[in-house]
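A.B. asks: Structure below; questions to follow.
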Amino acid sequence: MSEAIIGGLIGGPLGAVIALLGNYFVIRDTRWGREAAEERKAAVTLLGLLRRMRVEGRRLTGWFEQEEFTEDCMTSVFAFRDRRVRRRLTASVDLITSAAMARDTHGDDAMLAVTHVAMRDIRECLEARLDRKRLPKPSADWARANSNLDDFMTHALAELEEEARLALE
């Protein structure tokens, strides 16, 4: 008798609840998988844009080049669902374009120093996001460049000149 009651409960409302929970988990996991695939694709695109700057020597010489680079990068950045990731990636892309605008004032070496710091931060953020880990704490150089780019570039140029002077001695 109790077996019939238990069987009726499992086959009745409890069975419906179990089926509903199963559907929920399948839909949730499918959505997470789709989002992860979109983020991987965006990361590859963003890294490709940065590679063009680093390896192929793409220079953001004019206003149009800077705007085009920013728009291309932001298309990838907006694919990330986490607001903190988007904010951090946007700040790094802005550092790269701002350093390109300040090249005339500080020179290529200072611009390259800022670009290196920003690209390293982008790679670290993408790696953490794709591994589903917390965002790493920004480096001290990134934080300084982000808070006062002109001061960072001046200091970076002074460091490079000091290294060159010491190498000649």
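A.B. asks: Every residue in the stretch 107-132 that is surrounded by 14 or more Cβ atoms within 10 Å (Cβ to Cβ) and not in a helix (DSSP H, G or I), please.
C.D. replies: The answer is Gly107, and nothing else.
A.B. asks: Does Phe69 meet the test of being on the phi < 0 side of the Ramachandran plot and at pLDDT 90 or above?
C.D. replies: no
A.B. asks: If a residue has to be in a helix (DSSP H, G or I) and surrounded by 12 or more Cβ atoms within 10 Å (Cβ to Cβ) to count, how many in the stretch 133-160 make the cut?
C.D. replies: 16
The values are calculated or read from the model by the stated rules, or taken from the named source; none is laboratory data. What you see is a predicted model, and the numbers here were worked out from it, not measured in a lab. Heads up, the Cβs are rebuilt from the backbone with ideal geometry, glycines too, and the neighbour counts pull from every protein chain shown.
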